[in-house]
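The values are calculated or read from the model by the stated rules, or taken from the named source; none is laboratory data. These numbers come from a predicted model, not from an experiment. Reconstructed Cβ throughout: ideal geometry from the backbone, glycine too, with neighbour counts over all protein chains shown.
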Amino acid sequence: MSHERRYSEDEVSEILDRATQAHTPPGTGVGPASGMTLRELQEIGDEVGIPKDVIARAAASLDRPVPDAAAHRTFLGTTIGVGRSIDLPRRLTEEEWNRLVVDLRMTFDAKGRIRQEGEFRQWTNGNLQALLEPTATGERLRLRTVKGSAMPLMGGGAGMMVAGAVGSLAAFLLGAGPGLVDAMFLGATGAALFGYVRIPLPNWSRTRARQMEDVITRLRASVESEPAEG
């Protein structure tokens, strides 16, 4: 009976690293200037038994905008704040920044305000923010927003529901008919308010996230097609 060796995750990583080195012709490093194409990575993957589609999906994941954890906010189990960010390989020129602002205005249908403090640039429209900040290798774009009205309205609705439930129980125990009706009405009003605000939020958060990803995708394509001068 054949017992074929199975490699651990660490061993697979080491094999892939060594396969990469062995596959690279002498005198050519895999550095920032040279790098490797997707096809070359897939060829190396074949050598260690990694399917080409797995390599392709892993490579594609590098280009997706990264969710901004600091911008993600929830309230009563519902997302009320979303954000996306991307690290750019270089600083945006003034013209590129202006084009980004135009894209933001068209995407979110908002004029917004532009502000710059030293190397920090931003475009804001209420709770919607586009922040461009310097990094060691270029710049980072952060897009974030929050549904500012959600917390007070949902909180108020939830409070009315609790008050209505408590009032209904008290009125029932005391046999106060009119008080029971009033308490039930209060609870129903609170539930309606809570639902009115809560129901559209998932669609709102998905739409905002998609818009942010579209802006980042267009910006990345522009930056990659126009290398830095000099």
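Remarks
- Filter result for R210 (among the basic types (K, R), in a helix (DSSP H, G or I) and surrounded by 15 or more Cβ atoms within 10 Å (Cβ to Cβ)): no
- Any hit, region 139-148, residues being assigned by TED's automatic domain parsing to the domain that holds F120 and acidic (D, E): yes
- T189 meets the conditions (1) surrounded by 16 or more Cβ atoms within 10 Å (Cβ to Cβ); (2) modelled with pLDDT of 90 or more; (3) in contact with a helix residue (DSSP H, G or I) (Cβ under 8 Å, 6 or more places away or on another chain) in every case but one. The failed one is (1).
- Tallying residues that are β-branched (V, I, T), under 23 Å from N203 (Cβ atoms) and in a strand (DSSP E or B) within region 80-108 yields 2.
- Top-ranked residue in region 133-157 [being surrounded by fewer than 13 Cβ atoms within 10 Å (Cβ to Cβ) and not hydroxyl-bearing (S, T, Y); ranked as modelled with the highest pLDDT]: A136
Conditions (1) under 30 Å from F194 (Cα atoms); (2) at pLDDT 75 or above; (3) part of a loop (DSSP other than H, G, I, E, B), marked per residue:
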site	(1), (2), (3)
V30	no, no, yes
M36	no, no, yes
D46	no, yes, no
A59	no, no, no
D63	no, no, yes
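- So L128, is it modelled with pLDDT of 90 or more and surrounded by 15 or more Cβ atoms within 10 Å (Cβ to Cβ): yes
- Residue list for region 131-159, filter: part of a strand (DSSP E or B) and free of Cβ contacts under 8 Å to residues at least 60 places away in the same chain: L131, L132, E133, P134, E139, R140
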